[in-house]
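Below: one structure, written as structure tokens.
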Amino acid sequence: MARKTTVRWLILLALAAAGIGLIAFLLAPRPLLVEAETVGRGPVAETVFDQGWARVRQSYVVAAPAAGRVERLPVEVGDRVAAGRTVVARLTPASAAFLDPRARAQAQAAAAEARSTLASAEATRGRLRAEAVRARGEADRLAPLAPSGISQQALDNARAVAEAAEQAVVAAEADIRARRAAVQQAEAALMGPDALSAGMIEVTSPTSGVVTRLLQQSERPVAAGAPLVEVGQTQGTEAQIEFLSQDAVRIRPGMRAEIYDWGGPRPIAAEVRLVEPQGFTKISALGVEEQRALVMLQFTGPPESWAGLAPGYRVWGRVFLRQTPSALVAPLGALVRDRGGWAVFRVEQGKARLRAVQVGALTDTVAEILGGLAAGDKLIVYPSDQVRDGVAVKARR
């Protein structure tokens, strides 16, 4: 009987110990399953990027060389033109004003008067020419008689009369030319819009490129210097990027850059050509005032690499401020903010330990580590709010 009692107690004690062990196992803290990646080495680049648009570096506005009437332009936007060969505009003299009946009658009378005056001048010239011929003949007849007794004074008088008569003919011819000009002027006043236009001027492109804008497309009168066509040099295509001023101060001409997300299959190689010294204020989509500066990125790759990209197209530009071929890099998702700086959760002996780190360049996927970590360290990426310093963790496989 005593033996059965002892066995029963032993069984109860064993069951109690098993129950306590099971409860302890169930209540014991389990390590958190986390995603972990290793710190390694690789290339990293510090960049700044922003939006902008494509443009031509050099554009030319073709203007009317004289006042007149421009015909409808023979070119369209996108047409390729050659310097000095492609006609981009044709200019004709401006049409004369309409003449009312009274003005036309007055102009006709003035023209008739001018023609009559011209006829009178021509008749006068004929009379003076005849007198000059007679005076010259008289002087020629007296010249052989001078040795035989005719006075020298009479011969000189005859010669003077002949010379005066010839000069009168010259004056009459000049008067006729003036009368003819007066006739032309009077007849020109009769010209109206129906008169034939003459003296067409063909304006050619000053450079080879593409027509980017038509500033006067339809036929119309224009003043001298009026803009007609804008031509851009396609070989000078570049990107104009609006960087924040705090990013623009770090950019220098000659830095390597690239154009991406422009619609092509791959980025376009470029370099910084110019950082404009004057900034401007722009209101962002969220209504925030921003100080920005324009940075020109000149394409350096073959023209085929940006085929299809035209002025005014939206692009993204990236400038490489600094590049390191073999830097200590950590996953970008491992960084967390701690006390105003950067920190990571490093896996140490099965526990998460919060470690402050010094961060350099940040890219889309990795961060450059300047201090606080070593190659081979395991870091928790995208830690949840359950991950704290000292918590037991286990990396998923």
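Values as computed for the structure displayed
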quantity	calculated
More than 22 angstrom apart: percent of Cα pairs within the stretch 101-188	48 percent
Spatially proximal aspartates and glutamates relative to LYS282 (Cα-Cα < 19 Å; intrachain offsets below 8 disregarded)	ASP50, GLU242, ASP247, GLU290
Mean ellipticity per residue at 222 nm, deg cm²/dmol - from DSSP H runs of n ≥ 4 across the chain, formula -39500 (n - 2.57)	-10000 deg cm²/dmol
Residue with peak Gaussian network fluctuation, the chain [Cα springs, cutoff 10 Å], from ARG180, ARG136, ARG220	ARG136
Rel. contact order, % - alpha carbon contacts under 8 angstrom, at least six apart, the stretch 197-334	24 percent
Gaussian network model of the chain, springs between alpha carbon atoms under 10 Å - residue of GLY301, GLY341, GLY209 with greatest fluctuation	GLY341
Percent antiparallel among DSSP beta bridges (both partners in the chain, rounded to 5)	95 percent
Label zone at ALA154 (point 7 Å along Cα-to-Cβ), backbone N below 13 Å, the stretch 126-144	139, 141-144
Acute angle (nearest 10 degrees) that the helix 101-142 long axis makes with the longest principal axis of the chain, alpha-carbon atoms	50 degrees
Contact order normalised by residue count of the chain, Cα under 8 Å, 6+ apart, percent	28 percent
Under-5 Å amide H pairs with SER205, H placed in peptide plane, nonlocal only	GLY84, ARG85, THR86, VAL88
Global geometry of the stretch 181-321, whether rounded, prolate or oblate, following the gyration tensor of its Cα atoms and the 1.5 cut on a/c	prolate
Per-pair calculated FRET efficiency, R0 = 51 Å: SER326 and THR92 via Cβ, rounded to 0.05	0.15
Of [x] 19; [y] 28; [z] 64, the label for percent of Cα pairs over 37 Å apart derived from the coordinates	[z]
Extension reserve of the GLU348-ALA66 stretch, reckoned as 0.36 nm per residue once the Cα distance is removed	93.1 nm
Where labels lie 7 Å past Cα in the beta-carbon direction, separation of ALA269 and ASP385 in nm	5.0 nm
Sorted peptide list for 272-283, 253-264, criterion being average Cβ within 10 angstrom, highest first	253-264, 272-283
Additional length obtainable on full extension of the chain from ASP338 to SER116, 0.36 nm per residue less Cα span	69.2 nm
Long-range HN-HN contacts of ALA36 with modeled amide H, under 5 Å	VAL381, ARG396
Two-site FRET efficiency, GLU289 against TRP316, from Cβ-Cβ distance with R₀ of 22 Å, rounded to 0.05	0.45
Listed residue (VAL288, ALA82, VAL329) projecting farthest to the positive dipole end of the chain, Cβ model	VAL329
Cα centroid separation - the stretch 375-397 against the stretch 104-119, whole Å	108 Å
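Only the coordinates and a few stated rules stand behind these numbers; no lab work does. Nothing here was measured: the structure is a model prediction, and the numbers come from that model. Because the Cβ atoms are built from the backbone with ideal geometry, glycine has one as well, and the counts that use them run over all protein chains shown.
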